[in-house]
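**Student:** The structure's right below; bear with me while I get my questions together.
The values are calculated or read from the model by the stated rules, or taken from the named source; none is laboratory data. Predicted model, so just to flag it, every value in this text is computed and none were measured. Positions of Cβ are generated from backbone atoms using ideal geometry, with glycine treated the same way; all protein chains shown enter the neighbour counts.
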Amino acid sequence: MMRYLKLLFGTVVISFLIVPLLAILPLAFTSGTFLNYPMQGLSFRWFEQLWISDHWQRAIINTLVIGLASSALATVLGVLASLGLRRRRGVFYNLLQLVFLLPMVAPIVVLGVGMQILFAQLELTNTFAGVIIAHTVISLPFVLISVSSSLAAVDSRLERAAASLGASPVTVFRFVTLPLIRPGIQAGAIFAFATSLDEVVLVLFVGGTNQRTLAREMYAQLRDNVTPVIASASFLFIVGTICLAALAVFLERRRAASTAA
């Protein structure tokens with residue numbers, strides 16, 4: 001009986017999460033001009049509008065540029081931070097780790113206001129550099145967690161054996177540590193990119209017209225002119241997120257398999 005209750009509960013929760021997505025996705029292929037049912041017919045006209053519109057094209061390009069740049073920067077900083085905090089104990093290092101993880105739990109509006117005030121002093125508002133830095137800040141904790149988890153599973157005896165044979169610390173990291181933690185780094189980079197892809201609040205605070213991302217453009221369209229092109233953009237968002245999540249799961253299983261081996 002308990003087994004069926006758990007199955008029922010799981011089905012209800014999954015349905016609650018999936019049904020809204022299933023409701024919006026078919027509207028991306030409507031031939032009508034409104035987001036309503038019944039659909040008037042099937043058409044790819046709104047996907048075409050998504051690709052030929054200057055506003056949407058710029059938003060897509062901005063999303064890729066900002067996402068790739070911020071995820072790359074967050075990955076580098078996250079790996080360095082993970083190595084620096086590895087096997088460190090004490091109040092200072094615990095507080096330092098908390099500082100790195102703080103953007104994950106801090107209210108995003110508070111971060112946006114703080115960044116807007118700081119970036120205004122540094123003349124980084126309404127610039128790509130400012131938006132990239134802002135996205136890097138909120139993406140860094142995901143990289144730190146992923147890489148730290150991979151580092152914790154590395155057998156330190158392998159590194160000591162390489163060092164005892166005369167390898168420098170850089171060589172040990174490059175040929176021993178890095179291959180072992182590469183799946184964790186890749187998974188962290190994917191989560192960082194996904195975080196940047198979905199972020200809209202920080203762009204509102206520190207970005208300008210030229211830095212509008214796809215999420216920011218969708219937000220603006222929802223306020224000014226609701227058309228099925230938003231459903232088309234949502235379709236791309238959902239499919240892209242699913243692909244990134246599947247890739248992250250694959251890399252995590254690969255990391256677990258390599259650790260077990």
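**Student:** Scan Ala129, Ala134 and give me the residue that is small (Gly, Ala, Ser), under 13 Å from Val206 (Cα atoms), at pLDDT 90 or above and surrounded by fewer than 18 Cβ atoms within 10 Å (Cβ to Cβ).
**Tutor:** Exactly one residue qualifies, and that residue is Ala129.
**Student:** Give me a count of the residues in the range 199-214 that are touching a helix residue (DSSP H, G or I) at 6+ places or on another chain (Cβ under 6 Å) and not in a loop (DSSP other than H, G, I, E, B).
**Tutor:** 7
**Student:** So for the range 39-54 (the condition being hydroxyl-bearing (Ser, Thr, Tyr) and surrounded by 12 or more Cβ atoms within 10 Å (Cβ to Cβ)), does at least one residue qualify? Show your work before the answer.
**Tutor:** Looking only at the range 39-54, we keep the residues that are hydroxyl-bearing (Ser, Thr, Tyr), and these are 43, 53.
Going one step further and asking which of them are surrounded by 12 or more Cβ atoms within 10 Å (Cβ to Cβ), we end up with 43, 53.
Yes, that holds for at least one residue.
**Student:** Right, here's the next one. Which of the residues that make up the range 157-190 are charged (D, E, K, R) and under 13 Å from Leu251 (Cα atoms)?
**Tutor:** Arg182
**Student:** In the range 182-237, which residue that is among the basic types (Lys, Arg) and over 14 Å from Ala59 (Cβ atoms) is modelled with the highest pLDDT?
**Tutor:** Arg182
**Student:** All but one of (1) modelled with pLDDT under 90; (2) within 26 Å of Leu178 (Cα to Cα); (3) surrounded by 19 or more Cβ atoms within 10 Å (Cβ to Cβ) hold for Val143; which doesn't?
**Tutor:** Only one criterion in (1) modelled with pLDDT under 90; (2) within 26 Å of Leu178 (Cα to Cα); (3) surrounded by 19 or more Cβ atoms within 10 Å (Cβ to Cβ) is unmet by Val143, namely (1).
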